[in-house]
Amino acid sequence: MEFVGLNPERVGLLIKQMESGKNVLGQTRPGLETDIADAGPDWAGGQGVTAMHRAWHFFHDAQRDLKWRIDTISRMHNGPSGNGQWLTAQFSFASEAAATQAGKDAAAAIMQPLSDPATADLPQTWQKVEAAMRAAKDKIHDPAFAAALISAIGPAGLDDLFRRWRDANAVGRKRGVPPEELKRGTSTFGVLANALANADTAGRLDDRSRKALVDAVELDALTALTALAKQSTTLLNQVAKRVLNTPRSGAPPDFSDADWNLQALINAYAANPEALQQLLAEDKTAAAALLHPNRVKLNGLPPEFEKQLAGVLDKALRPSTGDSGTRARAWFNLVNGLGYDGSHGTGGHFDALRNSPINQVLARNVLPYISQLGLVHAREASVNLDKHLTPQPPWDKLRPDVASRFIGAIMQDSAARKILLDELPKYGWGLDIGRFHPFSDRATERAEYTRLSARLGGVSSLLLGGLSYARLSRKEYAEWAASIALLPVSYAVNAWGDMADAAAATARDVGLDAAKEAVAERIAEFLAGDGPQDVKELAKLLVNQQVLIVAASLELHDQPLLTAEDRERIFREFYGSLADPLIKALDEYGG
């Protein structure tokens, strides 16, 4: 044992300074060697090159030793210290070389009892193996020891050890091991899981070795490794791809057990939600695979699993997790994974979100991107304003129908629908249409009004399109379609009618509610076949209702009365925002 005390931050700075010294020596040495060769026997400078070689190797060896000490002491203190703190610990080994050799010896002690086929399957043999794994527990915080241990055991050895552990502790499991049963392996197979985590997070498991392990080791063993220790994000996501690429349904006996591999994966992501965000961002198929209806609904896991999955998705997708670029790519792949053509049909991904807590999680966390999804629709409807209505990457690659189907998947849940409509105004997209008067004598203000009107129309189109895929009753559809159809006028009324008078504001709100009721009634009549059956005529009726409420609002706070020409202009603008999306929506719904 050796007592070690150091300040990781200051030692890290020393390592960088040594690297600078190595660079100077490396740049100087070739020129010096050339000068010595040119001078031949006339050189009188002594063994300068030899000294430089020694200095370079001294720096190199010292760097490696200090890096080993930082990695080891940081893991003994549960992670690196970033506040200049002085750390102390008793090291098990005097050097990295000694730790590496000890790791190889520990691996031999674990595997040796299994080397004789005649005794490998005896209970007392397994007891010796477990004793050897327990004996390594106090040394695995040393990354050199841990890396040597895992390397010497190898993927085949890990596979064999897990199968033997499972036969002794979790008999009959075919799709992973339940958490309660995995706890039995904390002091045995869990030692290897922690050794792998320490070696990998310290950078001692290269990409090739990690991939070889993930490709070769049995899936159940891989998920046990992620359950028994917090693995690196890279390893966890590679294991996730293995889990998500397995078949989602099938016949016994392969699928006679619950999918405990999936449970282990979600438990691991609960502790590392940024890793899930990264997986969704980097793998275009991961979202669709994770939220496949069979995986979400037919996994055989306890009923609370779906709520847990929703909670983990909430952590991974909320605005405070990860960086904005990664989060946007994760959402982009999620929208495509749930909104593809046919996702609303039988067996499609809509089934995964029916009566699911996942809907509300998605509704809350997609709100910051609704403006981008709306721009996808607005750009399609207003091609002449394309340069003013271009979504940011990656949303500029999204198809309007995919965006609408994704929203439709969410809107299957009434609480999720309410979240979407109630929370929209809280996200300052700059869609306050009343900031710019439509009849201004300034061209720039009229232009801004037109662009904002187009963006609001895009949001209405997005939500109306989504509503049509949501499989609602006629009454529900009519009520929600009315609220969505009046989004542009709701913004206009609230902005143009900036009323200090409380009575006037109340009258405005009552009028808007009355308008929504009237619009809902018209849509319900249309769907029932009792009203006008030309959808364009229906759109005209709805827009006339919007114009009336705008006129009443302006009158309530002593704005100039609208002329017939003003009313016609507002009618045309609102009709342009409403008609096409309403026609498409009713056609998709079945109207």
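Does residue 172 satisfy being on the phi > 0 side of the Ramachandran plot and surrounded by fewer than 17 Cβ atoms within 10 Å (Cβ to Cβ)?
Answer is yes for this residue.
Only one residue in 180, 218 is closer than 18 Å to residue 258 by Cα and without any contact (Cβ under 8 Å) to a residue 24 or more places away in the chain, so which one is that? Full working, then the answer.
On the way: 218 fails: without any contact (Cβ under 8 Å) to a residue 24 or more places away in the chain.
Being closer than 18 Å to residue 258 by Cα and without any contact (Cβ under 8 Å) to a residue 24 or more places away in the chain holds for just one of 180, 218, which is 180.
Output yes when any residue across region 281-291 is at pLDDT 95 or above, touching a Ser or Thr at 6+ places or on another chain (Cβ under 7 Å), assigned to a helix (DSSP H, G or I) and surrounded by 23 or more Cβ atoms within 10 Å (Cβ to Cβ), and no when none is.
Within region 281-291 (the criterion being at pLDDT 95 or above, touching a Ser or Thr at 6+ places or on another chain (Cβ under 7 Å), assigned to a helix (DSSP H, G or I) and surrounded by 23 or more Cβ atoms within 10 Å (Cβ to Cβ)), the answer is yes, since at least one residue qualifies.
How do the pairs read when you match residues in region 342-369 that are outside any loop (DSSP other than H, G, I, E, B) with residues anywhere that are open to solvent by 30 Å² or more (accessible area, probe 1.4 Å) and of a type in the set (Lys, Arg), using Cβ under 6 Å and keeping only pairs 6 or more apart or on different chains?
Close Cβ pairs satisfying both conditions: 365/318.
Residue by residue through region 120-160, note down the ones that are assigned to a loop (DSSP other than H, G, I, E, B), of a type in the set (Asp, Glu) and in contact (Cβ under 8 Å) with a residue 40 or more places away in the chain.
The one that is assigned to a loop (DSSP other than H, G, I, E, B), of a type in the set (Asp, Glu) and in contact (Cβ under 8 Å) with a residue 40 or more places away in the chain: 142.
Is one or more of the residues making up region 425-432 closer than 22 Å to residue 332 by Cβ, at pLDDT 95 or above and part of a loop (DSSP other than H, G, I, E, B)?
Within region 425-432, not a single residue is closer than 22 Å to residue 332 by Cβ, at pLDDT 95 or above and part of a loop (DSSP other than H, G, I, E, B).
Give region 177-225 a look and list any residue that's outside any helix (DSSP H, G or I) and open to solvent by 30 Å² or more (accessible area, probe 1.4 Å), or say none. Steps first, answer last, please.
Just the residues of region 177-225 that are outside any helix (DSSP H, G or I), to begin with: 177-178, 186-188, 202-206, 217-218.
Once the filter is applied, which keeps residues that are outside any helix (DSSP H, G or I) and open to solvent by 30 Å² or more (accessible area, probe 1.4 Å), region 177-225 yields 186, 187, 203, 204, 206, 218.
Would you mind finding the one in 464, 452 that is at pLDDT 80 or above and within 32 Å of the chain's Cα centre (by Cα)? Break it down stepwise before answering.
Details: 452 fails: at pLDDT 80 or above.
Matching residue, one of 464, 452: 464.
What are the residue pairs meeting all of these: first residue in region 299-322, first residue closer than 19 Å to residue 243 by Cβ and part of a helix (DSSP H, G or I), second residue of a type in the set (Ser, Thr, Tyr) and open to solvent by less than 30 Å² (accessible area, probe 1.4 Å), Cβ atoms under 6 Å, and 6 or more apart or on different chains?
Here the result reads 312/269, each pair linking region 299-322 to a residue that is of a type in the set (Ser, Thr, Tyr) and open to solvent by less than 30 Å² (accessible area, probe 1.4 Å).
Scan region 375-391 and tell me whether some residue there is within 21 Å of residue 588 (Cβ to Cβ), under 20 Å from the mean Cα position of the chain (by Cα) and touching a residue at least 24 places away in the same chain (Cβ under 8 Å).
The answer is no; no qualifying residue exists.
Each row is one residue, and each column tells you yes or no for (1) touching a Gly at 6+ places or on another chain (Cβ under 6 Å); (2) modelled with pLDDT under 95.
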| site | (1), (2) |
| --- | --- |
| 331 | no, no |
| 337 | no, no |
| 342 | yes, yes |
| 354 | no, yes |
| 358 | no, no |
| 361 | no, no |
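Would region 294-302 turn up any residue that is farther than 22 Å from residue 176 by Cα and buried (at least 17 other Cβ atoms within 10 Å of the Cβ)?
First, pick out the residues of region 294-302 that are farther than 22 Å from residue 176 by Cα: none.
Looking through region 294-302, none of the residues is farther than 22 Å from residue 176 by Cα and buried (at least 17 other Cβ atoms within 10 Å of the Cβ).
With the checklist (1) aliphatic (A, V, I, L, M); (2) open to solvent by 60 Å² or more (accessible area, probe 1.4 Å); (3) modelled with pLDDT under 95 in hand, flag the one item residue 156 doesn't pass.
Residue 156 satisfies every listed condition except (3).
Yes or no, residue by residue, for (1) over 9 Å from the mean Cα position of the chain (by Cα); (2) open to solvent by less than 10 Å² (accessible area, probe 1.4 Å):
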{"residue": "278", "(1), (2)": "no, no"}
{"residue": "308", "(1), (2)": "yes, no"}
{"residue": "312", "(1), (2)": "yes, yes"}
{"residue": "321", "(1), (2)": "no, no"}
{"residue": "358", "(1), (2)": "yes, yes"}
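I need the full set of residues from region 328-341 which are open to solvent by 30 Å² or more (accessible area, probe 1.4 Å) and assigned to a helix (DSSP H, G or I), in order please.
First pass over region 328-341, keeping only residues open to solvent by 30 Å² or more (accessible area, probe 1.4 Å): 329, 332, 336, 340-341.
Selection gives 329, 332, 336.
The values are calculated or read from the model by the stated rules, or taken from the named source; none is laboratory data. On a predicted model such as this, the values are computed, not experimentally measured, just so you know. With ideal geometry, Cβ positions are generated from the backbone for all residues, glycine too; neighbour counts draw on all protein chains shown. With ligands, DNA and RNA removed, areas are computed over all heavy atoms of the protein, side chains included. Shrake-Rupley method; radii C 1.70, N 1.55, O 1.52, S 1.80 Å.
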